[in-house]
1. Rounded, prolate or oblate: pick one for segment 115-187, where a ≥ b ≥ c are the square roots of the eigenvalues of its C-alpha gyration tensor, a/c under 1.5 means rounded, and failing that, prolate if a/b is larger than b/c, else oblate.
2. On a 0 to 90° scale, report how tilted helix 341-354 is relative to the longest principal axis of the chain, with both axes built from alpha carbons and the result rounded to the nearest 10.
3. Round to a whole angstrom and tell me the spacing of the C-alpha centers of segment 359-418 and segment 325-342.
4. By its C-alpha gyration tensor, with a ≥ b ≥ c as the square roots of the eigenvalues, how is segment 318-428 shaped: rounded for a/c under 1.5, else prolate for a/b larger than b/c, else oblate?
5. What is the Cα centroid distance between segment 145-170 and segment 538-592, reported in whole angstrom?
6. Roughly what angle does helix 381-390 make with the longest principal axis of the chain, taking Cα atoms, 0 to 90 degrees, to the nearest 10?
7. Give me the three principal axis extents of the chain from the C-alpha atoms, as integers in angstrom, largest value leading.
8. Can you tell me how much longer the chain between residue 498 and residue 408 gets when fully stretched, taken as 0.36 nm per residue apart minus their C-alpha distance, in nm with one decimal?
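The numbers here are math on the coordinates, done by the rules we state, and not lab data. For clarity, every value in this text was computed on a predicted model and none was experimentally measured. Note that each Cβ is placed from the backbone with ideal geometry, even for glycine, and that neighbours are counted across all protein chains shown.
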Ligand code: ADP
Ligand code: MG
């Protein structure tokens, strides 16, 4: 039986007011699947998109809205319009299309001005839901068929006081296969009355000062906005909630870190200078400045917490290498963490190359592999762990699993994390526990290619010092980006063949085909078949994807590095950090499936040498909108700008990797909400000034404790 019982005299889920009629026996933490038979049927799908409880459902925000709020007269319709009409059903009937073996439901809808034909495919039950003589709303696109206007598969709803799908700003949610927007709207609408039970933890003073709408009202408006003005206020309120918590967290952490100690690392000036002059290239000024800032930070007796931000290819690794070397010269250990195994291995190799004139023990530690540079054979995991604990390994390069595994250091003094915005609180805590010295915290350095403007950075991550590497190494040429139309494919392949004959190499990135193919194996294999059998018969082609065994991946990467493989077909696995200077062409298939910021990262895999590099976006019949979106990549070379443009095109939710706020991901706030970030910062400061313990704000304190349950920085 449904847990929400309807009194029979009101529409299920009508809001507000309707809730007075209902008998609620459910709470926010109850399972979403118990609210109705539909929810039960969809429960596994709901779980897939992260919805388990009723509260999850309420906080599952739409990422955009279809504006069906203006009702148009039928006589005013123009082909191509996205509209809502309201009219009477003059006729509705099913017929079979003999050729296509499809069921077709046809209807004629009239309003005072005119009538229009409407068609749905393969939904014969519609004649039971929509009856002749009824008044309905229809929302969707107007098409022209031999000069007669018609609507194909529009959303429909009976005329009533409230609507979820038509005649309104209709919310659009991120979905997964087997679940529709209409279903999510229905489920959310049915539990929304419960939003009044959600505790509004924002201190009253702030709510009043900023004239915020009530939390429950904001939640209702964000799902089913009455109008754009209310939607805007609701979204500001909900964004503020997330940003305010993040700011509070930042201030609290900063306060704690200020009081913690780190070991001083002496600046070994002579050795470092001679190392820098032994490099095969001259450091750029920005590289020098960042390295200098890091070395200065680590001389202090409190922990460094610095982020180096530099576009892809700007040379961040060598800055890390300088800091690590200085630490080794002080007879202390460093850890260097990368987001993928491929990248960890690449760093392991680069460091060996950079330190070839030094006797330094570098270790590689990933989930599947442990190695020490001085030893030919692989080393047993436990022996390796012992060596780290005894201080016999100076540098451990690894994936983030380094943090998770039972690795303890003798005296970890410097921890570096590559390609992430910042150390999460949790990561800092566990590294502290591993550092070998219970009284001190390691110095932290993070590096990212995700550019964030300095002012925004300060507002977001006030606890972090920032170095920016803007200048690219000398001789780099801008990557030429082109959208390749289907008819230009052949010509482009010829151009690529020519480049390979001149010694260059090529990346081919393939999109994910469907959800079940998370690692893109299918599309990669198909592309490989096509290229090797039909297009580049004369070149060696390699394939890399996440499902390969570590050994296989390694072999392929090393063959690509040594130019044995000319073309590497890959999934988005090559997105971050991979450095193959001789590769000068990046082909991206199905470019429209990726976000612009991500495409920009792919593009960063080429253009890492003096050769002119190219990024080709291959596409099949793009829509105008997608074409326009991809054009941005052709024109713009700034990752932050691109992310912003993407946001405008695709709505929030699909942004900029995952912006970590230290406690939780933002669901609705984005990096571009400058004004709200600023407000949240001022408000958080204000509240903490009133009471650092938050005891005076008991609901807020409870909320923070709940978020911090697992993350505590001593
Ligand atoms: P990223 O900032 O993306 O991590 P890397 O550190 O991988 O970039 O550097 C990209 C390439 O540029 C590497 O091959 C590196 O050796 C080279 N490089 C770094 N600094 C310089 C420099 N000052 N001059 C010339 N090449 C450099
Ligand atoms: Mg890098």
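1. Verdict is prolate for segment 115-187.
2. Its long axis makes an angle of about 20 degrees.
3. So the two Cα centres are separated by 9 Å.
4. Numbers: a/c = 1.24, a/b = 1.08, b/c = 1.15.
Judged from the Cα gyration tensor, segment 318-428 comes out rounded (a/c under 1.5).
5. With segment 145-170 and segment 538-592 each reduced to a Cα centre, they are spaced 48 Å.
6. Once rounded, one gets 60 degrees.
7. For the chain, the Cα extents along the three principal axes come out at 90, 72, 42 Å.
8. Working: separation 90, 0.36 × 90 = 32.40 nm, distance 5.17 nm.
Residue separation times 0.36 nm, minus the Cα-Cα distance, leaves 27.2 nm.
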